[in-house]
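Chemist: Quick one: structure below, then a few questions.
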């Protein structure tokens, strides 16, 4: 990849680099909607194909999912919303009660 001087330039070109969306003292980032959309699509297809078979990418994904499940078990109140929140509005025909 001699076309790009470093990893951040490559990520910016593909549209996978985070963009600063901070306001005041609240620091946050969002994903870029720009970049080379065709190449971004190819990256997405490569990732989904890796998840279908037993590859290094699938092993990485499985490790991350296991770590997330452990985290959710240890800190359920901190990471999951509490209270009267529902994923779908009540009274709608598709809501499951």
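Any read-out appearing in this document is the output of simple, stated calculations on the displayed coordinates, not a laboratory observation. From a predicted model like this one, the values you see are computed outputs, not experimental measurements. Here the Cβ positions follow ideal geometry from the backbone for every residue, glycine too, while neighbour counts run over all protein chains shown.
Chemist: Once you have all Cα-Cα distances for segment 1-66, histogram them in 10 Å bins from zero and send the whole-percent values.
Modeler: So the P(r) values, bin by bin, are 19, 32, 37, 11, 1.
Chemist: Arrange the following residues from fewest to most other Cβ atoms within 10 Å of their Cβ: 32, 8, 2. Please list the in-between numbers first.
Modeler: Numbers: 32 15, 8 10, 2 4.
Ordered from fewest to most neighbouring Cβ atoms within 10 Å, 32, 8, 2 come out as 2, 8, 32.
Chemist: At a Förster distance of 41 Å, what's the computed FRET efficiency of residue 2 paired with residue 64, Cβ-Cβ distance as r, to 0.05?
Modeler: It comes out at approximately 0.85.
Chemist: Relative contact order for segment 1-75: what percent, with Cα pairs under 8 Å and sequence separation of 6 or more? Walk me through the intermediate numbers first.
Modeler: Working: 52 pairs, mean separation 13.8, N = 75.
Worked out over segment 1-75, it gives 18 percent.
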